[in-house]
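Notes to accompany the following structure.
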Amino acid sequence: MRHSSTLRIAGFLGLVLPLAMAQPGTSPRTATKAKPSKLSASAIQIEPIEAGDVTIPAEFRFAIYERLIERVRKDGTFQKVFRSGDHEADKVADLVILRTTVGKFKEGSQLKRELTTVTGGTTVDVTTSVAARDGRVLLQNDLSGKVRFFGENLGVTNDLAKRIAKRLRESF
Amino acid sequence: MYLPTSAIVAIMAGGLTLPAQSLAVGSAPGTGHSALIVRHVIGLENIRSQQSGKLFLQNGTMQFDGGKNFVAKVPATSIDGVYVGSETTQGGGKVGRVVKTAAIAAPYESGKVLTLLLRTKVDILTISYHDNGGALHGAIFALPKGQAADVRTQLLAAGAREGAPPQQELKERAQQ
């Protein structure tokens with residue numbers, strides 16, 4: 001009895017194991033765990049925020065730009081973080097350029113937010129792209145920043161910069 | 001968990017005595033020029049976010065003096081965009097923020113009254129400029145209501161450029 005069950009298990013393993021070993025890369029577990037290879041660059045240049053067809057006040061555009069620079073510098077993902085137009089960036093060979101375009105902007109109200117907690121949120125949706133010097137797009141993402149409860153409307157810029165910096169950290 | 005009633009009353013009373021407008025007009029250090037007390041939102045190098053200080057124009061240079069070593073100077077001629085906006089925000093500065101946070105614990109959401117009492121409207125002044133290395137900077141300040149337009153006029157008179165409104169920027173970009 002024991003002998004026959006051992007034989008059955010051995011037979012089952014004999015059938016399954018060669019199959020599993022023949023295609024190791026296609027098992028669903030391995031496929032989901034495989035991480036995309038990280039990009040590499042020593043420096044990044046951050047371009048000012050483009051409004052596209054969306055009406056967005058200048059203070060929001062420049063606040064996103066400044067907070068992005070602050071965040072990416074703080075994260076240390078890149079050895080150098082250049083502002084738009086910085087002549088020093090011309091000397092860096094493996095420079096990548098971050099461009100951000102606003103897709104949607106909704107300015108809420110701090111008062112409404114704090115009184116109702118469900119209305120008055122400020123949101124900004126953007127498309128970010130990281131390109132190499134030759135124009136090749138290396139990375140493209142749609143992200144959004146929000147202020148839902150406390151804080152000034154301008155706080156949305158901080159949330160958005162945090163998300164963009166996180167995405168850069170994950171990709172480089 | 002609720003705060004004792006006496007604590008809530010003390011918080012509310014504290015909130016009522018806070019200045020609604022924490023920004024004001026002073027005088028520039030060492031000069032007879034008037035200086036605005038403004039809040040630096042972001043953008044000036046080596047100046048903390050939310051740092052308060054004096055903003056004034058002297059010898060064609062816009063200066064922000066936040067006391068101690070927090071001083072920033074931007075030549076007016078390097079400014080290529082001056083934008084004025086407005087924002088409703090919370091008055092009372094840091095104290096206001098602490099009082100409001102503590103009042104969250106007040107029963108029946110009565111702490112929200114402070115939101116109404118402490119709100120204040122400010123002007124937002126945004127300038128964009130290029131430094132000597134060609135790098136673009138954007139500096140944002142919160143000013144007392146109605147003052148940003150005057151600062152803008154002074155900056156333009158000192159040699160700053162106005163900057164294109166967003167719609168015009170779009171047209172220019174489309175033409176390129």
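The values are calculated or read from the model by the stated rules, or taken from the named source; none is laboratory data. These figures come from a predicted structure and were not determined experimentally. No Cβ is skipped: glycine too gets one built from the backbone with ideal geometry, and neighbour counts run over all protein chains shown.
Descriptive notes on the structure:
- For segment A:33-63, the candidate set comprises residues that are of a type in the set (Asp, Glu) and part of a loop (DSSP other than H, G, I, E, B); within that set, the residue that is nearest to A:Phe172 (Cα to Cα) is A:Glu47.
- The number of residues in segment A:108-139 that are surrounded by fewer than 17 Cβ atoms within 10 Å (Cβ to Cβ), more than 21 Å from the chain's Cα centre (by Cα) and assigned to a loop (DSSP other than H, G, I, E, B) comes to 5.
- A:Val81 under 20 Å from the mean Cα position of the chain (by Cα), outside any loop (DSSP other than H, G, I, E, B) and either of a type in the set (Phe, Trp, Tyr) or within 21 Å of A:Phe172 (Cα to Cα) (or both): yes
- Of the strands (runs of 3 or more DSSP E) lying entirely inside segment B:63-152, the ones with 1 or more residues being within 12 Å of another protein chain (Cβ to nearest Cβ) and touching a residue at least 40 places away in the same chain (Cβ under 8 Å) are found at B:79-90, B:119-130, B:136-144.
- Top-ranked residue in segment A:144-154 [being more than 10 Å from chain B (Cβ to nearest Cβ) and buried (at least 18 other Cβ atoms within 10 Å of the Cβ); ranked as modelled with the lowest pLDDT]: A:Val147
- Filter pass, A:Glu66 being assigned to a helix (DSSP H, G or I), over 16 Å from the mean Cα position of the chain (by Cα) and modelled with pLDDT of 95 or more: yes
- Just one residue in the set A:Val96, A:Val102, A:Val92, A:Val124 is assigned by TED's automatic domain parsing to the domain that holds A:Phe149, in contact with a Leu (Cβ under 8 Å, 6 or more places away or on another chain), of a type in the set (Val, Ile, Thr) and closer than 24 Å to A:Arg136 by Cα; that residue is A:Val96.
- The residues of segment B:83-103 that are surrounded by fewer than 21 Cβ atoms within 10 Å (Cβ to Cβ), more than 12 Å from the chain's Cα centre (by Cα) and either among the basic types (Lys, Arg) or at pLDDT below 70 (or both), listed by number, are B:Lys94, B:Arg97.
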